[in-house]
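So the structure is just underneath, and the comments pick up after that.
The numbers here are math on the coordinates, done by the rules we state, and not lab data. This structure is a prediction, so every number in the text was calculated from the model and none was measured. With ideal geometry, Cβ positions are generated from the backbone for all residues, glycine too; neighbour counts draw on all protein chains shown.
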Amino acid sequence: MALSALPNYKARMNQYANIVLVGFMGTGKTSVGKGLARRLGLEFLDMDKVIVERQNKSIQQIFAENGEPFFRMLEKNLAKELSAQKGRVIATGGGIVLNPDNIKAFSGTGLVVCLTATPEAILKRVERDTTRPLLATGDKMTKITELLNARKHLYDAIPVRIDTSALQVPDVINRIIAISSGTQP
Ligand code: S3P
């Protein structure tokens, strides 16, 4: 977006409390979120990071010691807390869509954008990652496909979606800025 369009953007941005990025693991939420926040002069917040800091445990530890339902409860409480605040770009965890209340809360005051990617692109991005308990398995591709199939209807229900498979981070950022400023449907 041209710099001259920024004041207009800021005015329009007032209609949104936050820009909330959702999507499966490896779709680019964190990289895009950080860059988007920098471009817009907003604060960036990664929900998983907040949970890790508050629990003083890694995501793997929380899943192993407290179980996934406990993690989902922390996620739900944080979504409620953050949706009542303003001025941030928020990267959610990939499973945020599992509880419709989370999306309802964020959509109530913010612009929710779903990043998507093909299973192949996702695998490439998470191949060497060891921090995601749900992908801590020998055959990551099978697990990715399985989880994507189970969640497809939930990601598809978000009206604004961007396929990041063949895009660079700045391209995704430009698209979100265009959408949020109303210069693109
Ligand atoms: C999860 C995605 C992770 C993290 C946790 C569970 C999921 O976040 O919240 O491992 O259920 O898809 P990222 O999408 O940032 O990897």
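Shape summary of the range 123-185, radius of gyration then Dmax from alpha carbon positions: 14.9, 44 Å. Loop-resident GluC sites (Glu not before Pro) (DSSP state other than H, G, I, E or B) in the range 86-185 with no more than 15 further Cβ atoms inside 10 Å of their Cβ: E127. On the principal axes of its alpha-carbon atoms, the chain has extents of 50, 34, 26 Å, going from largest to smallest.
For the range 72-185, the residue among A166, A121, L111 whose Cα projects farthest onto the positive side of the dipole built from Cβ charges is L111. Charge tally for D163 (other residues, Cβ to Cβ under 13 Å; Lys, Arg +1; Asp, Glu -1): -1.
By the helix-only formula, in which each DSSP H run with n ≥ 4 contributes -39500 (n - 2.57) and the sum is divided by residues, the chain has a 222 nm mean residue ellipticity of -16500 deg cm²/dmol. Rounded to the nearest 20, the Cβ-based charge dipole of the range 59-185 about its Cα centre (Lys and Arg +1, Asp and Glu -1) stands at 240 debye. For the range 150-185 versus the range 67-84, the inter-centroid distance based on Cα atoms is 24 Å. When the pairs K104/K124; K57/K124; K34/K143; K57/K86; K34/K86 are compared against a 23 Å limit on Cα-Cα distance, K104/K124; K57/K124; K34/K143; K57/K86 fall above it. Considering only T92, T131, Q60, the residue lying farthest towards the positive end of the dipole of the chain is T92, judged by Cα position with unit charges set on Cβ. Coordinate range of the alpha-carbon atoms in the range 68-154 per principal axis, descending: 40, 26, 23 Å.
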